[in-house]
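A quick write-up on the structure given underneath.
All of the numbers you see were taken from the coordinates with simple rules; none came from a lab. Source: prediction; values computed, not measured. No Cβ is skipped: glycine too gets one built from the backbone with ideal geometry, and neighbour counts run over all protein chains shown.
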Amino acid sequence: MRRIASGNEHLLEITTSDRTVEVLPGITKGDALRQLAGDYGIPLEDILVIGDSGTDAFAMGIGEVIAACPANATDEIVDIVKAKDVERGYIAKNERLEGWLEIIEHFFPLSR
């Protein structure tokens, strides 16, 4: 577990497992992404955000990030991805897990 705080005020708690990153309510995924990128010195333009609904929009909407979504994403998410430059946004043809795998293959092609 990792806590991000300012002074004595507790702002954010992040927990991770093998598969997920959970952010305590009250701080958006976009806020958390900016904070973690800054902490680790990762340029936002080097970050790929994959999402399909709801709170994913806050992270995907950061102008500098690469954004992608599976075919079953909500209209809001699809619109965010479409607003990106063609090299920085991708909408998979497949849904759910198959869409996520397609996105990873698109941005990180395996040599065969």
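Counting only lysines at least 8 places from K29 when in the same chain, those with an alpha carbon closer than 23 Å to its own are K82, K84. I want the local charge near F107. Using Cβ-Cβ distances under 12 Å, sum +1 for each Lys or Arg and -1 for each Asp or Glu among the other residues. Overall, the nearby charge balance is -3. Label separation (D46 vs E64): 1.1 nm, computed from points 7 Å beyond Cα along the C-beta direction. Quick check: from the Cα gyration tensor, does region 48-95 come out rounded (a/c under 1.5), prolate or oblate? Since a/c reaches 1.5 but b/c is at least a/b, the shape of region 48-95 is classed as oblate.
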